[in-house]
Amino acid sequence: MRFTPIGGMAIADGQTIVGALNIFNTSLTHPGLIPDDTLRTATQFLAQGEIPVMMFGLPAAALAIYHTPRPEQTNALR
């Protein structure tokens, strides 16, 4: 969603901008170029708590996998 047409598409200065994060970054670097309603629609996916899941989800899964083995299997990890 962040870099695909599912995240949104906007036309600014004759160029098509694809993806929610690309639209957001373009609106930061060129204020007023992208209409507010387009910006609001495209960036709604960025504000739904995806960032903490992406930042902490994989390390948490790795930690869970590390702590899951039964005691007789722990020698294989060391």
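The values are calculated or read from the model by the stated rules, or taken from the named source; none is laboratory data. All values derive from a computational prediction rather than experimental measurement. Note: areas computed on protein heavy atoms with side chains; ligands, DNA, RNA excluded. Shrake-Rupley method; radii C 1.70, N 1.55, O 1.52, S 1.80 Å.
Can you sort ARG70, ARG2, ARG40 by 1.4 Å-probe accessible area, starting with the largest?
The ordering from most to least exposed comes out as ARG40, ARG70, ARG2.
Given the whole protein assembly as supplied and a 1.4 Å probe, what does the accessible area of MET55 come to in Å², nearest 10?
110
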